[in-house]
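Working notes for the structure below.
The values are calculated or read from the model by the stated rules, or taken from the named source; none is laboratory data. This one's a predicted model, so the numbers in the text were calculated from it and none came from an experiment. For neighbour counting, all protein chains shown are included, and Cβ atoms are generated from backbone atoms with ideal geometry for every residue, glycine included. SASA here: full protein model, heavy atoms, side chains in, ligands and nucleic acids out. Shrake-Rupley method; radii C 1.70, N 1.55, O 1.52, S 1.80 Å.
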Amino acid sequence: MVLEEKKVTLKDGRSAVLRNIRMEDAADLITYLKVTAAETPFLIREPEEIRITPEREQAFIQSKIDAKRELGLIARVDGRHAGNCSLMSLGPFGRYAHRCSIAIALYQEFCGLGLGEAMLQTILDVAKECGYEQAELEVVSNNERAKHLYEKLGFKVYGERPHSMKYKDGTYAGEYLMVKEL
């Protein structure tokens with residue numbers, strides 16, 4: 001899906017541009033995955049587990065552009081990649097056609113500026129326009145900041161997975177499953 005660019009004003013007065021991911025973003029997206037995975041324990045992969053080639057990332061980007069009900073949304077602030085938000089279908093089956101999955105991550109320096117909320121609201125608006133009735137996401141249970149934002153946008157916890165992630169040091173983190181009716 002291709003989305004018209006949208007400008008939003010951040011809490012610090014800067015402007016962010018929200019747009020769909022493009023082929024020329026492939027290298028930035030791979031770097032983003034590695035850096036954000038190193039910045040926070042709240043994502044599913046370790047930085048060294050990210051072995052995506054530029055060609056594979058370009059194929060992923062093309063699949064998002066071609067999809068009628070999926071969107072890869074990128075945010076740029078001062079010309080720099082600030083974060084991503086994704087809208088994904090749950091599969092090709094009619095019984096799941098009313099549900100979508102959402103994911104988001106920002107570089108840490110762009111957290112707390114209202115960017116995540118603007119990106120999520122954009123994705124939720126697009127999801128509703130696409131005919132989805134229910135948005136779903138997962139959040140690490142001790143990620144209070146993200147959980148608070150999701151609740152502010154109307155998501156509710158509907159389940160929990162204990163020990164969902166195991167870290168290198170042997171500790172675990174649980175995960176909440178959250179849903180929002182659109």
| task | May I ask for log10 I(q)/I(0) of the chain at q = 0.10 Å⁻¹, from a Debye sum over the Cα atoms as equal point scatterers with solvent left out? | result | -0.39
| task | Would you please state which residues of region 1-17 a label at Glu117 would reach in this model, taking the label point 7 Å out along Cα→Cβ and a backbone N cut-off of under 12 Å? | result | 9-12
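If eta is 0.890 mPa s and T is 25 °C, what Stokes-Einstein diffusion coefficient results for region 89-175, Kirkwood Rh from Cα pairs, in µm²/s?
Stokes-Einstein gives a translational diffusion coefficient of 169 µm²/s.
Could you calculate the FRET efficiency of Val35 with Ser63 from 1/(1 + (r/R0)^6), where r is the beta carbon distance between them and R0 is 30 Å, rounded to 0.05? Working shown, then result.
Values: r = 23 Å, r/R0 = 0.77.
Result of the calculation: an efficiency of 0.85.
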| note | Expressed as a whole-number percentage, the relative contact order of region 82-182 with C-alpha contacts under 8 angstrom and at least six residues apart is 25
| task | Find the percent of Cα-Cα distances in region 60-106 that exceed 13 Å, and round it to a whole number. | result | 61
| Accessible area per residue, 1.4 Å probe, Å², for region 81-151: what's the number? | 45
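So between Val2 and Ile52, what do we pick up on full extension, going 0.36 nm a residue minus the alpha carbon distance?
Answer, rounded to one decimal: 15.7 nm.
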| said: Quick one: the Cα spread of region 35-121 along its three principal axes, in angstroms, biggest first? | reply: 40, 30, 26
